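Quick notes on the structure that follows.
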């Protein structure tokens with residue numbers, strides 16, 4: 001609480017009076033906090049009492065019981081014999097997968113469209129404007145249903161009449177099936193090599209920066225980074241005996257077996273989220289670029305910096321300061337909007353938690369879990385965004 | 001101080017109002033009598049069980065259950081208001097007191113009867129889960145569905161039975177889970193799934209809704225589960241549970257006795273003591289339930305017996321009586337004696 005400067009001297013004896021601003025502030029804050037606490041306590045105890053009176057089960061014991069329902073997409077092993085807890089973990093992972101992919105793709109697409117809207121080419125800027133206005137003015141739920149039912153399910157053939165545009169690639173209403181590398185321990189090592197490469201790049205760039213500051217000598221950072229991030233996994237692949245066996249999808253019985261599958265539900269959700277959010281991202285990018293005055297470009301070329309360096313060292317750092325805060329909101333929106341998956345049958349957290357609370361009848365616990373997970377994910381994204389925002393903020397010396 | 005007083009007063013009133021709603025645990029019968037109608041939770045639209053007709057009047061086997069209770073309590077079968085509920089809303093609506101009866105083709109299971117705080121009081125339709133496939137798929141039995149993609153609604157016993165059945169038969173399947181009935185059917189029709197599964201009555205209802213295309217779909221012969229569908233009330237109000245239970249039993253017993261809405265007036269002086277009890281002349285049956293003695297007469301006169309209700313609602317969607325025939329005619333529909 002900020003202290004309020006007072007011109008008159010403090011009274012000789014301490015007298016509690018509501019006309020004293022400090023006392024008044026404390027009294028009202030205590031009252032408000034007390035009132036809120038009372039209300040929360042009342043609602044909780046009332047709910048508990050009513051559930052008790054109606055003999056409705058409560059508690060989280062149900063999490064260990066067998067779920068009994070199947071889930072179409074799971075990134076960890078799951079069968080109906082597993083527990084509700086594992087089913088919910090599958091749901092959380094599905095939500096995270098679609099949110100992370102959505103964030104990456106919406107950022108790329110949105111940046112392209114945002115720059116496109118500023119293009120000198122009339123046709124390109126008009127196309128981008130129309131895209132932004134159409135996409136951000138239609139409700140997302142409508143767009144998802146449109147992508148799923150009208151575009152994907154209505155236009156694609158059944159599994160037995162699947163399109164086969166490339167050898168091993170099948171497109172049907174069951175999704176897109178592609179050949180994937182058959183399981184081999186080498187791929188795990190390649191992933192580790194890639195991570196080592198990323199860490200190495202970060203350390204190397206720190207060293208290069210320090211060296212340039214000290215001696216003025218530049219280091220070919222781009223080539224070194226490519227060598228580390230791409231070269232190390234390649235070496236790991238060669239060391240592992242260069243496995244080239246592919247797992248091909250194949251029509252057996254009703255469905256394709258083997259290979260990798262992009263299901264219509266996942267595809268519709270991802271396309272819907274990305275195209276919708278990209279419209280907002282585009283506007284944010286455009287505003288960021290316009291926020292940097294043209295004088296900055298002119299000044300940096302007057303100093304003799306090349307165009308690429310001008311963009312990287314002068315324009316982008318200033319534009320990012322405008323872009324990052326609203327961008328974090330959009331990332332949060334993608335995460336939260338992914339709960340609309342329930343409309344088109346993608347098994348995200350909300351879909352699975354809904355099924356769980358319906359099978360167990362424990363609505364309060366189910367909704368509580370949903371809220372907790374979204375809050376955790378959203379706060380993490382916000383915390384990361386704020387950290388990054390602070391890092392790139394104007395350093396005043 | 002003036003503001004403080006106002007805030008305190010507002011808070012006190014708000015809390016008082018909340019407290020008032022919290023402990024209002026009066027008997028359902030008294031509450032229903034006080035408001036003058038029965039609030040009935042039904043399916044949002046399942047032909048034969050509960051669906052509004054072209055005039056907006058609710059019709060169906062489950063709707064008749066509620067009409068029967070209104071006839072028993074008020075002597076007027078029209079004193080019912082309907083709340084359309086999805087599969088995921090239904091239990092919360094009953095638990096919270098939003099509806100007085102849940103008559104929404106709901107399967108009676110142990111978990112629902114206990115941990116959900118409900119009491120199932122009768123079975124008004126014996127159903128079982130089946131599969132529907134497109135004729136072009138050339139599948140003759142559910143046992144041939146290994147590897148199939150199956151469309152199903154979430155939060156139902158159907159979803160659990162589906163997983164159980166494939167596990168028991170050591171077969172694989174991929175579910176496509178969509179909540180709204182129209183949308184899950186649309187996904188099946190668009191070829192997203194090889195099969196659509198729900199209660200056999202629901203399959204028949206969906207199939208008949210396809211009109212001229214109905215014969216492109218076949219319902220496989222396997223019935224993979226027991227689905228006793230029936231009305232439920234809140235746990236703990238035995239008096240109200242008794243009224244709903246015996247309303248249904250009167251409808252079944254009336255069919256056994258040959259009493260219909262058409263002939264009950266002419267049977268008022270029938271010497272059969274069973275008929276005398278059912279028309280309310282003897283036995284004080286209504287008094288025992290806390291109702292008027294002509295309660296059963298009103299049910300039969302205004303709603304009809306179980307067979308009449310079945311023929312009026314379920315026959316038109318193409319479902320024969322089957323196991324829902326009276327026990328005396330080879331079915332399993334059986335009511336304890338009204339005496």
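Could you tell me whether region A:357-369 includes any residue that is more than 14 Å from chain B (Cβ to nearest Cβ) and under 26 Å from residue A:97 (Cα atoms)? Checking region A:357-369: at least one residue is more than 14 Å from chain B (Cβ to nearest Cβ) and under 26 Å from residue A:97 (Cα atoms).
Residues checked against (1) modelled with pLDDT of 90 or more; (2) within 14 Å of chain B (Cβ to nearest Cβ):
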site: A:220; (1), (2): no, no
site: A:225; (1), (2): no, no
site: A:238; (1), (2): no, no
site: A:250; (1), (2): no, yes
site: A:256; (1), (2): no, yes
site: A:260; (1), (2): no, no
site: A:264; (1), (2): yes, yes
site: A:282; (1), (2): yes, no
site: A:287; (1), (2): yes, no
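Among the residues of region A:188-202, are any more than 30 Å from residue B:191 (Cα to Cα) and in contact (Cβ under 8 Å) with a residue 60 or more places away in the chain? No; the residues of region A:188-202 include none that is more than 30 Å from residue B:191 (Cα to Cα) and in contact (Cβ under 8 Å) with a residue 60 or more places away in the chain. Among the conditions (1) more than 23 Å from residue B:28 (Cα to Cα); (2) without any contact (Cβ under 8 Å) to a residue 40 or more places away in the chain, residue B:324 misses just one, which is (2).
Scan region B:174-188 residue by residue and report those that are touching a residue at least 12 places away in the same chain (Cβ under 8 Å) and either more than 7 Å from chain A (Cβ to nearest Cβ) or under 25 Å from the mean Cα position of the chain (by Cα) (or both). Within region B:174-188, B:177, B:178, B:179, B:180, B:181, B:184, B:185, B:188 qualify. A single entry from B:169, B:138, B:213 fulfils the requirement of being closer than 23 Å to residue B:317 by Cβ, surrounded by fewer than 18 Cβ atoms within 10 Å (Cβ to Cβ) and more than 9 Å from chain A (Cβ to nearest Cβ): B:213. Counting only helices (runs of 4 or more DSSP H) that fall entirely inside region B:38-121 and contain at least 1 residues that are over 24 Å from residue B:254 (Cα atoms), the qualifying elements are B:90-95, B:110-114.
Applying the set (1) over 22 Å from the mean Cα position of the chain (by Cα); (2) modelled with pLDDT under 90 to residue B:150 leaves exactly one unmet item: (2).
Okay, residues lined up against (1) modelled with pLDDT of 80 or more; (2) in a helix (DSSP H, G or I); (3) farther than 30 Å from residue A:83 by Cα:
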| position | (1), (2), (3) |
| --- | --- |
| A:14 | no, no, yes |
| A:24 | yes, yes, yes |
| A:28 | yes, yes, yes |
| A:32 | yes, yes, yes |
| A:35 | yes, yes, yes |
| A:38 | yes, yes, yes |
| A:44 | yes, yes, no |
| A:49 | yes, yes, no |
| A:55 | no, no, no |
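Number of residues in region B:101-124 that are within 14 Å of another protein chain (Cβ to nearest Cβ) and within 20 Å of residue B:67 (Cα to Cα) equals 5.
Between A:352, A:344, A:381, A:323, the distinction of being crowded, with 20+ Cβ neighbours inside 10 Å, without any contact (Cβ under 8 Å) to a residue 60 or more places away in the chain and either more than 11 Å from chain B (Cβ to nearest Cβ) or closer than 19 Å to residue A:102 by Cβ (or both) belongs to A:323 only. Tell me whether region A:78-90 contains one or more residues that are surrounded by 11 or more Cβ atoms within 10 Å (Cβ to Cβ), modelled with pLDDT under 95, more than 13 Å from chain B (Cβ to nearest Cβ) and assigned to a loop (DSSP other than H, G, I, E, B). The answer is no, given that none of the residues of region A:78-90 is surrounded by 11 or more Cβ atoms within 10 Å (Cβ to Cβ), modelled with pLDDT under 95, more than 13 Å from chain B (Cβ to nearest Cβ) and assigned to a loop (DSSP other than H, G, I, E, B). Scanning region B:87-97 for residues that are in contact (Cβ under 8 Å) with a residue 40 or more places away in the chain and either facing chain A (nearest Cβ under 10 Å) or closer than 17 Å to residue B:244 by Cα (or both), we see that the one that is surrounded by the fewest Cβ atoms within 10 Å (Cβ to Cβ) is B:97.
The values are calculated or read from the model by the stated rules, or taken from the named source; none is laboratory data. Since the structure is predicted, the reported quantities are computational estimates derived from the model, not experimental observations. So basically every Cβ, Gly included, is an ideal-geometry build from the backbone, and we count neighbours across all protein chains shown.
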